[in-house]
1. Could you say which residue among B:99, B:93 is more than 14 Å from chain A (Cβ to nearest Cβ) and over 19 Å from the mean Cα position of the chain (by Cα)?
2. Can you tell me how many residues in segment A:323-333 are in a loop (DSSP other than H, G, I, E, B) and touching a residue at least 24 places away in the same chain (Cβ under 8 Å)?
3. Sort out which residues of segment A:299-308 are open to solvent by 30 Å² or more (accessible area, probe 1.4 Å) and either assigned to a loop (DSSP other than H, G, I, E, B) or of a type in the set (A, V, I, L, M, F, W, C) (or both), and write them in order of number.
4. Check off (1) of a type outside the set (Val, Ile, Thr); (2) in a loop (DSSP other than H, G, I, E, B); (3) on the phi < 0 side of the Ramachandran plot; (4) crowded, with 23+ Cβ neighbours inside 10 Å for residue A:234 and give me the number that stays unchecked.
5. Has segment A:18-25 got any residue that is at the interface with chain B (Cβ under 8 Å from one of its Cβ atoms), assigned to a loop (DSSP other than H, G, I, E, B) and surrounded by 23 or more Cβ atoms within 10 Å (Cβ to Cβ)?
6. Only residues that are in contact (Cβ under 8 Å) with a residue 60 or more places away in the chain and exposed (fewer than 14 other Cβ atoms within 10 Å of the Cβ): list them for segment A:257-267, please.
7. Mind checking which residues of segment A:157-194 are within 13 Å of chain B (Cβ to nearest Cβ) and out of contact with any Leu (no Cβ under 8 Å at 6 or more places or on another chain)?
8. Which number in (1) touching a Lys or Arg at 6+ places or on another chain (Cβ under 9 Å); (2) among the aliphatic types (A, V, I, L, M); (3) open to solvent by 20 Å² or more (accessible area, probe 1.4 Å) marks the one condition that residue B:280 misses?
There are 2 protein chains.
Amino acid sequence: MKRAHNFCAGPAALPTAVLERAQAEMLDWHGKGLSVMEMSHRSDEYVAIAEKAEQDLRELMNVPNHYKVLFMQGGASQQFAQIPLNLLPEGATADYVETGIWSKKAIEEGRRFGNVNVAASGKSLDYFAIPGQNDWQLTPDAAYLHYCSNETIGGVQFDWVPEVGDVPVVVDMSSDILSRPVDVSQFGMIYAGAQKNIGPSGLVVAIIREDLIGRARAICPTMLDYKTAADNGSMYNTPATYSWYLAGLVFEWVKEQGGVEAMARRNHAKQELLYSTIDASEFYSNPVSKNARSWMNVPFRLADERLDKAFLAGADARGLLNLKGHRSVGGMRASIYNATGLDAVEALVAYMAEFEKEHA
Amino acid sequence: MKRAHNFCAGPAALPTAVLERAQAEMLDWHGKGLSVMEMSHRSDEYVAIAEKAEQDLRELMNVPNHYKVLFMQGGASQQFAQIPLNLLPEGATADYVETGIWSKKAIEEGRRFGNVNVAASGKSLDYFAIPGQNDWQLTPDAAYLHYCSNETIGGVQFDWVPEVGDVPVVVDMSSDILSRPVDVSQFGMIYAGAQKNIGPSGLVVAIIREDLIGRARAICPTMLDYKTAADNGSMYNTPATYSWYLAGLVFEWVKEQGGVEAMARRNHAKQELLYSTIDASEFYSNPVSKNARSWMNVPFRLADERLDKAFLAGADARGLLNLKGHRSVGGMRASIYNATGLDAVEALVAYMAEFEKEHA
């Protein structure tokens, strides 16, 4: 068995060590004679697994005590509704920043439940840059400010946190959570679909300040009310137990690697190698402003798109998988989340150089 | 490694053969160098996995072409909101039958979104029997009739399908789907949390007649609209890919065993052995009317509840796990879903006889 270098945007590569452990424990967890998948979520064993996962995430992100950590389902897309249903009172206005496809989807869903003000948009910049906060049109006393810290499709990432006084900042951190340190206390709520830096798809993690819990509108389904999850330790009904367990294994792995600071050093090295390769070449290009380039998702184009197919075929043959860009954008995209190591990026840039030499 | 006999009510036992295959494919699916968990849900490989799972379920249940099969998240509890949000127009009334804790939860959530008529309740029968349909107070032109075919906590199961003319019948089949044949055409919608007879928790399957799709109310979140799932092959956003894959392995396993007819024969033999052991004894008892006894969840009491602890300890020591009754009911409960074989029930009744001899 040879593991490929997997540049998939999501569901993304997981650490081999995590998969090996899950494999070893698949039929018989710690000699109990059953799989984690087959345990009651209310059993002592499973509750310990779930609590350890939460505790490890709290340690990794240094989550203050007055924040709840919730393990839910439905992905970030369900959060796009849950957020206004919980945090946008009727008649109030929420500010949203539009920097690409995911933040735009959040805006569209938000509008179905209340007043949404698009405080800033990268549209006029073709989403290749993020408008500076001086140009934002913020609502005084907005219910919250929503933004997406990393747009996986455009490859655009905030390297700063908006400052909006007492307005709670709600951030979709699906694709860059745990990739570098953040100060949780700057946010009202952080949420992230698991399938990039946390674990398998079907799990979404939210870190939410306690005072923001318990405000859901009457039309909010019980399962979408943050209070339901908070009051029941994310076990109002059966949670996605196996995904939660795998997330716990990933958190342990991140701790073993040295935590988010170590992840940040590795991710910095990875993106620097890849962008510098692109920038040094006339053959490859990336259109994103340097201060908004994503460390996690690196879209790039070949000088002649007729070569795209050959590039992808050669990559596949070398075990460099899932480099095709999103269908809405075209070109290539290398997603280099935590579990994709520097060795994968080195193999990629070696191939890129070789391909350029052959075809330039 | 020795696999225990697992009588957990859910997340429940999975077939050992399924777990072995998942284990073998964990790091490297079919020589591709990656785990199913690490595949894009839009890749050819994953789409084939997902489509085969749906096709196998369609075959197993003989699903007519004018029904959609949807793979969603949030469990049955989220369906308790989705159903009225999709199927109960403002001002209309839905009929619900109350036979235990799960149908009651569906009623409570339904009431948050419209008029709910409890057409029948087992409450006056202590939920030990199901009121016959002649005694039901049905609403003419109800938007739908909702019931739960098997109550996991009380151990009460319908062995018949309500007949309500043109009113769509919506059934929570979480804990008995695939356990015996059903005629899908009798239903408007069948839904089931996966964690009993389908796969791991975090996945919910719905089989819904096409004419019931596209009626969602304005307040229904996009992710909770059946049309969203139906129009996008359950991939509007990233689905619970690994859970869906495992469900597919379970469907294959059920087919290999001979389909739901074979499951029904096995399940009949299992429940007959267990109930006849209970009924033949003065030491064990089950309070449920014989025609409403569940084939899937068998609650039973010891004559002296002070012996409960010793019974459970002895069971654990013999690898007979998770026999403790639900906290709301007490006593014991043996859940004997598809993956729990006759050998497990034989081991259980042997232990029950031994324990009775020792303590009666």
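1. Being more than 14 Å from chain A (Cβ to nearest Cβ) and over 19 Å from the mean Cα position of the chain (by Cα) holds for just one of B:99, B:93, which is B:93.
2. Qualifying residue count for the region: 7.
3. Scanning segment A:299-308 gives A:303, A:304, A:307.
4. Every condition holds for residue A:234 apart from (3).
5. The answer is no; no qualifying residue exists.
6. Within segment A:257-267, A:261 is the sole residue that qualifies.
7. Matches in segment A:157-194: A:172, A:174, A:175, A:192.
8. (1)
The values are calculated or read from the model by the stated rules, or taken from the named source; none is laboratory data. Just so it is clear, the model here is predicted, and its values are computed rather than measured. Heads up, the Cβs are rebuilt from the backbone with ideal geometry, glycines too, and the neighbour counts pull from every protein chain shown. Side chains are part of the model used for accessible areas, which takes the heavy atoms of the whole protein and leaves out ligands, DNA and RNA. Shrake-Rupley method; radii C 1.70, N 1.55, O 1.52, S 1.80 Å.
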